[in-house]
Amino acid sequence: MSAEVIVVGAGLAGLVAATEIADGGRRVLLLEREGEQDLGGQAWWSFGGLFLVDSPEQRRLGIRDSLDLARQDWLGSAAFDSPADHWPRRWAEAYLQFAAGEKREWLRELGHRSFPVVGWAERGDGRAEGHGNSVPRFHITWGTGPGILEPFLHKLAAHREAGRIVLRTRHAVEDLLVEDGRVTGVRGSVLAAEASARGVGSTREVTGEFEEHAAAVLVATGGIGGNQELVRQLWPAELGTMPEQFVHGVPASVDGTGMLAATRAGGHWIHQDRMWHYTEGIRNWDPVWRGHGIRILPGPSSLWIDARGRRLPAPAYPGFDTTSTLRHLRTTGHDHSWFVLTAKIIEKEFALSGSEQNPDLTGRDVRQVLSRIKPGAPGPVQAFLDHGEDFLQADSVPDLVRQMNALTGEELIEAEELERVIRARDAEVRNPFSKDAQITALRGTRKYVGDRLIRTAAPHRLLDAKAGPLIAVRLHVLLRKTLGGLETDLGGRVQREAGTAAGTEPLPGLYAAGEASGFGGGGVHGHNALEGTFLGGCLFSGRQAARGILVDLR
């Protein structure tokens, strides 16, 4: 086959772009460094959350959303503040229009369905004009990450059968070919075949070399979250120092290779220090990749304390403001923090991110989903209680503190002081009103029917024996997403490093999508993300890049 377009990377963005280009009648060569078992990349492991605006699911739950409110939230969170934000701003507006418009119907036509209860993620910093979602917008895919991938994998199979897409796995693109200022192809190594499980680190044994040419090359290789050396090199100064101890939310294969190759070819990687790392990471007791961590998707009730037992300040509450919390924790002098909670809280408020941690939603098992309302922690959460090294249980504060200090190997927490903090918090739940901002926020979340029914425990004292036992969960920083990326216009065209006197200028022949493009434009999220926007950014940027390529190949 003589390919007209080369797509590098078979994650969600690459699959969307490749199949859309093939839909347009063009021949595509899809190159993937891992094996065929890893098709879909990080999307397969995801919880499947999608950002939608004023959806039927929201309206049925009494949520009043609008494009204007979503725009207010996005811009308040992004805090665009740089001349380099020209394309990110335009991508943000285009994506908001997409999320409030055709996104849901386009996906439904492909067979996508959402869980009826809309989640409320990143509740914000407490300011109407600041960071955060004013309303619930986190639409969980029925089938989680695999459910999002399913339509595009079906399309890929059909296009491969028809000969419009050729997929070559174990092909590691290392450099882009440039002739007369235009990207004309790729060069790299053929890796040894390996039948490892999805996500497991694969051999980098080289068995050959390859070189391919095409009129257009699209980079969709993901970000840098699995490359701890590069993350450390680019770590943002505003977040202090990078922790020495952390967990990985992505495999080592998410290493920035495609972004670096595009930069060497003359593409412009902007906002290199903009990242999105979570503060509620736990070590996976059954790891798949190196340092495998899982993120807790917490409800609002847990008491969050630092490594010395001091309560975190507003807005550093569970599920409210990720970046603000990370910024504060990096000033404490320690790499870990703690949730202190009860069995009553964990059984209703703890969800774990990831398709494999939610077998009921992933398997589309209605009966198993309904079992979540029964007493007791969900099965995957109970497995961490039983086997996870970061989970501790006790009937008293002194016993809990003894275990916490033993786990860290340092006498960092004083039982008497932590009990004082807990009792002060508990005194605030005796009335339906409180000066404690977290308790006030907790009561506010329960006014939303989705949170009250399946997501938020009724306010109670942590030292109430009927709610016990007490639980402490050690939390780690979890390396995850790259918010900056290759600067692209609305057609996915990568901009040149130097630009022009009038502004930016595309590097002919080169396109980017997904996390490699900062999910569009080189940084559509700005400084903060609203959650549910990463998979949607892969969908939208993949489609936009495909359309840009089809226009340019006419």
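A few notes on this one:
- All positions within segment 168-203 that are modelled with pLDDT under 95 and either in contact with a Leu (Cβ under 6 Å, 6 or more places away or on another chain) or of a type in the set (Ser, Thr, Tyr) (or both): Ser196, Ser202, Thr203
- The residue that is farthest from His527 (Cα to Cα), counting only those in segment 299-311 that are open to solvent by less than 10 Å² (accessible area, probe 1.4 Å) and in a loop (DSSP other than H, G, I, E, B), is Gly309.
- The residues of segment 390-418 that are touching a Lys or Arg at 6+ places or on another chain (Cβ under 6 Å) and under 19 Å from Phe350 (Cβ atoms) amount to a single one, Asp390.
- Within segment 235-290, the set of residues being touching a Pro at 6+ places or on another chain (Cβ under 8 Å), of a type in the set (Asp, Glu) and more than 28 Å from Ala512 (Cα to Cα) comprises just one member, Glu280.
- When segment 224-253 is limited to residues that are of a type in the set (A, V, I, L, M) and touching an Asp or Glu at 6+ places or on another chain (Cβ under 8 Å), the one that is most open to solvent (accessible area, probe 1.4 Å) turns out to be Ala237.
- Of all residues in segment 1-49, those being among the aromatic types (Phe, Trp, Tyr) and in a helix (DSSP H, G or I) number 2.
- The sole residue among Leu400, Leu361, Leu392 that is in contact with a helix residue (DSSP H, G or I) (Cβ under 6 Å, 6 or more places away or on another chain) and either more than 25 Å from Phe47 (Cα to Cα) or among the charged types (D, E, K, R) (or both) is Leu392.
- If only residues of segment 53-103 that are assigned to a helix (DSSP H, G or I) and of a type in the set (Asp, Glu) are counted, the one that is surrounded by the fewest Cβ atoms within 10 Å (Cβ to Cβ) is Asp68.
- Selection count, segment 342-352, where residues are open to solvent by less than 20 Å² (accessible area, probe 1.4 Å) and either more than 25 Å from Leu479 (Cβ to Cβ) or not in a strand (DSSP E or B) (or both): 5
- The criterion of being outside any loop (DSSP other than H, G, I, E, B), of a type in the set (Gly, Ala, Ser), at pLDDT 95 or above and touching an Asp or Glu at 6+ places or on another chain (Cβ under 9 Å) holds for Ala424.
- Qualifying residues in segment 118-152 (those that are open to solvent by 40 Å² or more (accessible area, probe 1.4 Å) and either in contact with a Cys (Cβ under 9 Å, 6 or more places away or on another chain) or part of a loop (DSSP other than H, G, I, E, B) (or both)) - the one farthest from His527 (Cα to Cα): Trp142
- Of all the criteria given as (1) open to solvent by 10 Å² or more (accessible area, probe 1.4 Å); (2) more than 18 Å from the chain's Cα centre (by Cα); (3) of a type in the set (A, V, I, L, M, F, W, C), the one not satisfied by Met275 is (2).
- Criterion violated by Pro318 - all others in (1) in contact (Cβ under 8 Å) with a residue 24 or more places away in the chain; (2) surrounded by fewer than 22 Cβ atoms within 10 Å (Cβ to Cβ) satisfied: (2)
- You will find that of Arg264, Arg283, the residue that is within 30 Å of Arg496 (Cβ to Cβ), open to solvent by 40 Å² or more (accessible area, probe 1.4 Å), in contact with an Asp or Glu (Cβ under 8 Å, 6 or more places away or on another chain) and modelled with pLDDT of 95 or more is Arg264 and no other.
- Filter result (assigned to a loop (DSSP other than H, G, I, E, B), in contact with a strand residue (DSSP E or B) (Cβ under 9 Å, 6 or more places away or on another chain) and open to solvent by 10 Å² or more (accessible area, probe 1.4 Å)) within segment 389-411: Glu389, Asp395, Ser396
- Candidate set: segment 172-202, residues that are within 26 Å of the chain's Cα centre (by Cα) and assigned to a strand (DSSP E or B); chosen: the one surrounded by the fewest Cβ atoms within 10 Å (Cβ to Cβ): Glu174
The values are calculated or read from the model by the stated rules, or taken from the named source; none is laboratory data. Every value quoted in this text rests on a predicted model; they were computed, and no experiment measured them. Because the Cβ atoms are built from the backbone with ideal geometry, glycine has one as well, and the counts that use them run over all protein chains shown. Areas reflect the complete protein model, heavy atoms only, side chains present, ligands, DNA and RNA absent. Shrake-Rupley method; radii C 1.70, N 1.55, O 1.52, S 1.80 Å.
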